[in-house]
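Here's the structure, in structure tokens; my notes come after.
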Amino acid sequence: MSVWKGSLGLSLTAALLLLSSCTQTQEVRAASAKPESERKAAPDFKLKDADGQTVSLSDYRGKVVLLNFWATWCGPCALEIPWFEEFEQQYKSHGFEVLGVSMDDDGWSAVKPYIAAHKMNYRILLGNDSVAQLYGGLDALPTTFILDREGRIAFTPHVGLVNKDDYLSEIQELLGLKRTNASLFRVRPPLAALFPRPAE
Amino acid sequence: MLRFFACALLLPLCSLGQQNKLIVKPGQTLTVKRGETAKESTTVSVLPGFHVNSDKPKDEFLIPLKLTWNPGPLQAISARYPKSEDIKVGNQILAVFTGSFNIETQFKALPQAPVGPATITGKLRYQACNNEMCFRPSTAEVSLPVVVEAQ
């Protein structure tokens with residue numbers, strides 16, 4: 001009996017170690033959307049786009065929206081922009097839109113040249129403090145919300161740089177598309193790889 | 001009321017980024033004779049885990065760190081920033097300051113400056129990031145006690 005107990009103990013320890021090692025390699029299953037009953041409506045706003053057109057978030061009802069708060073001075077935001085351009089191109093026909101809200105204090109004089117330099121293919125609005133307050137202050141950028149077709153926040157907001165596949169799996173889930181293996185199980189690249197230590 | 005509820009829903013985001021990411025400590029009392037110059041060294045300490053853009057960021061869209069002084073009995077003639085360090089963010093090389101560093105300002109006492117103690121004030125504008133996110137540009141107030149002496 002004591003031998004059996006000992007074996008059981010060893011097996012449990014081995015299982016725990018295995019689980020622990022899986023966690024350390026950061027192979028994780030992508031998060032699932034919140035149940036619909038738990039989703040909160042994304043606060044509505046009206047902002048101008050680069051053409052001077054007034055845009056309401058509620059105009060996007062019926063579409064899955066990646067709502068990204070960013071700024072021209074934000075390095076991690078710049079890393080995400082090519083991903084969003086790719087998502088916009090790939091999923092627009094499925095009823096998906098990227099909406100970027102710039103939080104630049106200098107306004108369009110800073111943002112328009114940036115849009116041109118980065119050839120951004122999705123709509124950019126100019127944010128303000130009122131919208132920032134509606135979304136929790138937005139002192140840290142990028143901050144991104146994935147909204148379902150009813151304009152509700154479907155996932156826990158992403159504050160800071162996250163993995164491209166996190167976005168991909170969330171978008172695909174809301175669009176009802178079959179998730180790729182890469183988005184179901186992905187190995188998170190260590191942030192240290194993106195941000196190496198300063199050169200000595 | 002709407003903002004309150006929105007903030008309550010997004011509470012975890014509300015608490016992020018509110019505090020300063022650096023501490024500014026001006027040097028000790030600066031004594032200058034009327035019409036003469038003197039150097040002052042302001043110490044800036046960036047909190048661990050954060051970096052700020054240098055005074056000369058490599059990308060035109062990034063916000064440089066800049067120390068400016070308000071008009072007073074002393075006039076700031078020039079500022080000297082330390083050498084920045086390069087870090088790689090994605091495929092971009094950034095020129096940043098981390099840890100503790102000094103900014104040297106050369107002041108000149110105006111010939112007509114009132115003799116005696118005074119305080120001059122300034123502002124340090126900066127934009128900080130950590131490895132995952134950036135924080136909105138911020139300004140730290142600086143105040144420096146000075147004494148102007150007669151020639």
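Figures for the structure shown
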{"quantity": "Residue count for the range B:17-36, restricted to those that are under 16 Å from B:T121 (Cβ atoms) and not in a loop (DSSP other than H, G, I, E, B)", "calculated": "3"}
{"quantity": "Checklist (1) within 23 Å of B:V52 (Cα to Cα); (2) among the charged types (D, E, K, R); (3) outside any helix (DSSP H, G or I) applied to A:D51, failing item", "calculated": "(1)"}
{"quantity": "Only listed residue being free of Cβ contacts under 8 Å to residues at least 40 places away in the same chain and buried (at least 19 other Cβ atoms within 10 Å of the Cβ), chosen from A:D104, A:D165, A:D129, A:D148", "calculated": "A:D104"}
{"quantity": "Candidate set from the range A:150-172 (those that are over 16 Å from A:F87 (Cβ atoms) and in contact with a Lys or Arg (Cβ under 6 Å, 6 or more places away or on another chain)); member that is farthest from the other protein chains (Cβ to nearest Cβ)", "calculated": "A:G151"}
{"quantity": "Candidates B:L94, B:L110, filtered to the one that is surrounded by 19 or more Cβ atoms within 10 Å (Cβ to Cβ), in contact (Cβ under 8 Å) with a residue 24 or more places away in the chain and either at negative phi or touching an Asp or Glu at 6+ places or on another chain (Cβ under 8 Å) (or both)", "calculated": "B:L94"}
{"quantity": "Candidate set: the range B:37-89, residues that are outside any loop (DSSP other than H, G, I, E, B), within 12 Å of the chain's Cα centre (by Cα) and within 13 Å of chain A (Cβ to nearest Cβ); chosen: the one surrounded by the fewest Cβ atoms within 10 Å (Cβ to Cβ)", "calculated": "B:V46"}
{"quantity": "Members of the range B:90-126 that are farther than 22 Å from B:K21 by Cβ, touching a Leu at 6+ places or on another chain (Cβ under 9 Å) and not in a strand (DSSP E or B)", "calculated": "B:N91, B:L110, B:A113"}
{"quantity": "Residue selected from the range B:90-120 under the condition within 14 Å of chain A (Cβ to nearest Cβ) and at pLDDT below 95, by the criterion nearest to the chain's Cα centre (by Cα)", "calculated": "B:L94"}
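The values are calculated or read from the model by the stated rules, or taken from the named source; none is laboratory data. Keep in mind the model is a prediction, meaning the values are calculated, not measured. All Cβ positions, glycine included, derive from the backbone under ideal geometry; neighbour counts span all protein chains shown.
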